[in-house]
Structures are given as structure tokens and as C-alpha cells.
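Trainee: Please find one structure pasted underneath; my questions will follow.
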Amino acid sequence: MTPSYFKRLRLDVVREWDLYLMLIPGILFLLLFKYTPMYGIVIAFKDFNIYDGLAASPWVGMEHFEKLFLSEDFARVFKNTLIISIYKIFFLFPLPIILAVLMNEIKNMVFKRGIQTIVYLPHFLSWVIVSGLFLQLLSTNGGLINKMIVGLGGESIAFFMNTEVFRSVLISSAGWKEVGWGMIIYLASIATIDPQLYEAAKIDGASRFRQIWHITLPGLVPIIILMFILRLGNILEAGTEQILVMYNSIVYEVADVIGTYVYRIGLGQQDYSFSTAVGLFDSVIGFILIITGNYLSRKFLKRGIW
């Protein structure tokens, strides 16, 4: 950084001191709750003992990472995490976009606002409540879905104890809860598109579908890229909170993911060093995916987060 940069910065701070003052709470929050806890990463390289403390615990180098990569349980957990995350991207990522485009076509504002409220309201429910709702809905003992299946001549399905369908339950419940909230982001982006583009398209005789294809969707490309790159960074976060309240030991084989594995090993078995190593591995992979996704986006689409 050149001296001229610091000179411009000093002048800018003097001129806009009130705005910089408003930055202080945010900066303090980041320092206290995001950067300071990063010191705990060293636990992954120590044989941490809660009684000896962080400083007195002996260093073991890469021992926990070797254990991690040689563990059969972790191989299964890593596979489950990727499968569930990819399913959620494939099935759920396009839904808010489609829903936002359809919602934008509704002209009756009262009806539109009512539908918006209905579809994004589930976002404000905790996963405990959502889990309870789906347990009742899919129950083998009087659940509405199983009643319909039996009524159509089929056999009742134990959705929460069947390894073949449990992932579908996870994807469906996540979609019901979060798709409406994701729609709001894309609706806000659609609102920034110049209305004159639609007027010009109408004059040229473009149908509603043509307007969507040539104006609305291209206008959404920047936010779609942004959301997709951010989603790539969280690909190893397959929905820990959701799975913790919905799964059980019978479906561990298909539903145990990195987040739940860390929870069970770290808190259940009090193996803090190993669980920290797993969490650090998760974070590093997420960071690499964000950097790679942004690089590929800038190279091929000429757009990126930075």
C-alpha cells in the first residue's frame, strides 16, 4: 500500500467519521466471535485434555488427521454429507428461482402478498417444530400420508426408520421450510430490473414467456451466481440442525453427516481434538470450494463475488 492510499484513507475517515464510527460494533463483533475463537484450531493438533487446558495439552501434530482419513466411519459420513448436499443443490436450488419468477407474474397484489406470506412463513419455525410436524404427517400410526398410501392400496411406510426414503424426507422438509425464504432474495433482484425493458419487449410483441427468458432470467444471473458460489462453500454443511432432530440410530448409515458426527464425537465421546480436526477439514474444503467456484465463474461467465 502506497503512502497516497493512507492519505486518502485518512481524509476519508475525517470526512465520513460518523459512518466509520458505525463500523466499530460490527468490527468488534467479528473480532470477538469470528476471529478470536480461531485460536481454538490448535486443539486439532493437540491431545486436548479439558483438565490440563489448551496450553498444557501436548502437541500430537497430524495424528488426528491421520485417524480422520483412515476412519471407516468418516468415509461413510463424508459420503453421506456429499450426497445429501448435492441432492439439496440439485432439487432445491432452482425452486426459489422458479417460485420468484412465477410470483413476479402475479398481478393481484393482495393475492400475491398472501401467497408470499404463506410460502416463507415456515422459515421462522425451528427445526424442532418442523420435525414434529413431519413426524405427525408421516407417522405410521394415523399420519395423513400413510393414510393416503393405505387408502390407495399400498403399505404403510416408516419414513423416519427406512434408510431408502429418509433422505427424501430430509430434502422435502428442507424445501418446505426454506424455499419460500430463498424466493425473497430473487424477488428483490427482479425488482431491480429496469421496467422499460419489459415495455420495449411488449412493443416488439414478445410474449410473457419470452420476457421471462430474455429479461427476467438474465437479470437474475448475478444473484444466482452469488448464491450458488456461497452454496458451494457450504456443501459440507448438509443441514446439521435439521438432521440432529430428525434422525435416529437406525438411519445413521444414510443420514449421519459431518456436523452430526462432530457433535456425537465431540460432545458424546468428549473427543474434542478429533472433532476439531473434522471441523477444520470441513472449513478448509469449504474455503477451497468458494475460491474455486469464484475463479471458474469469473473465467467462464465473467462474473464473480470478487
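Trainee: What are the trypsin sites (Lys or Arg not before Pro) within the range 264-306 that DSSP puts in a loop, where the Cβ has at most 13 other Cβ atoms within 10 Å?
Mentor: Lys302
Trainee: Another question, if that's okay. Return the distance in nm (one decimal) between the two label points of a simple spin-label model at Tyr20 and Asp47, each offset 7 Å from Cα along Cα→Cβ.
Mentor: Here the modelled spin labels are 5.1 nm apart.
Trainee: Pairs to check: Lys79/Lys177; Lys88/Lys112; Lys107/Lys147; Lys34/Lys88; Lys88/Lys299; Lys88/Lys147. Give those whose C-alpha atoms are more than 29 Å from each other in this structure.
Mentor: Pairs exceeding the cut-off: Lys107/Lys147.
Trainee: Apply the Karplus parameterisation 6.51 cos²θ - 1.76 cosθ + 1.60, with θ equal to phi minus 60°, to every residue of the range 5-18 and state each ³J(HN,Hα) to the nearest whole Hz, in sequence, with x for glycine and proline.
Mentor: Values, residue by residue: 5, 5, 5, 5, 5, 4, 5, 5, 5, 5, 6, 10, 4, 5 Hz.
Trainee: While we're looking at this one, here's another question. Calculate, for the range 1-138, the solvent-accessible area per residue in square angstrom, rolling a 1.4 angstrom probe over the heavy atoms of the protein chains.
Mentor: Normalised by residue count, the accessible surface of the range 1-138 is 72 Å².
Trainee: Taking the convex hull of the Cα atoms, report for the range 5-45 its projected area averaged over all directions, in nm².
Mentor: Taking a quarter of the hull surface, the average projection is 4.1 nm².
Trainee: Here's another thing I want to ask about it. Over the chain, consider all pairs of different Cα atoms and compute the Kirkwood hydrodynamic radius from their mean reciprocal separation; express it in Å, one decimal.
Mentor: So the Kirkwood estimate lands at 23.4 Å.
Trainee: Still on this structure, please answer the following. With all protein chains present, how much of the accessible area of the chain (probe radius 1.4 Å) comes from carbon and sulfur, to the nearest whole percent?
Mentor: 67
Trainee: Between Ser249 and Lys79, what length in nm is gained on full extension when 0.36 nm per residue of separation is reduced by their alpha carbon distance?
Mentor: That works out to 59.5 nm of additional length.
Trainee: A further question on this structure: If every alpha-carbon in the range 149-306 counts as one equal scatterer, what log10 I(q)/I(0) does Debye give at q = 0.08, 0.13 1/Å?
Mentor: -0.41, -0.86
Trainee: Expressed as a whole number of Å, what is the distance separating the alpha-carbon centroids of the range 48-70 and the range 231-282?
Mentor: Cα centres, the range 231-282 to the range 48-70: 19 Å.
Trainee: Next question, about the same structure. Can you give the FRET efficiency for Ile89 and Val284, using 1/(1 + (r/R0)^6), R0 = 25 Å, r = Cβ-Cβ distance, to the nearest 0.05?
Mentor: Computed FRET efficiency for Ile89 and Val284: 0.80.
The values are calculated or read from the model by the stated rules, or taken from the named source; none is laboratory data. As the structure is a prediction and not an experimental result, all values here were calculated from the model. All Cβ positions, even for glycine, are placed from backbone atoms using ideal geometry, and neighbour counts span all protein chains on display. Surface areas here come from the heavy atoms of the whole protein model, side chains and all, with no ligands, DNA or RNA. Shrake-Rupley method; radii C 1.70, N 1.55, O 1.52, S 1.80 Å.
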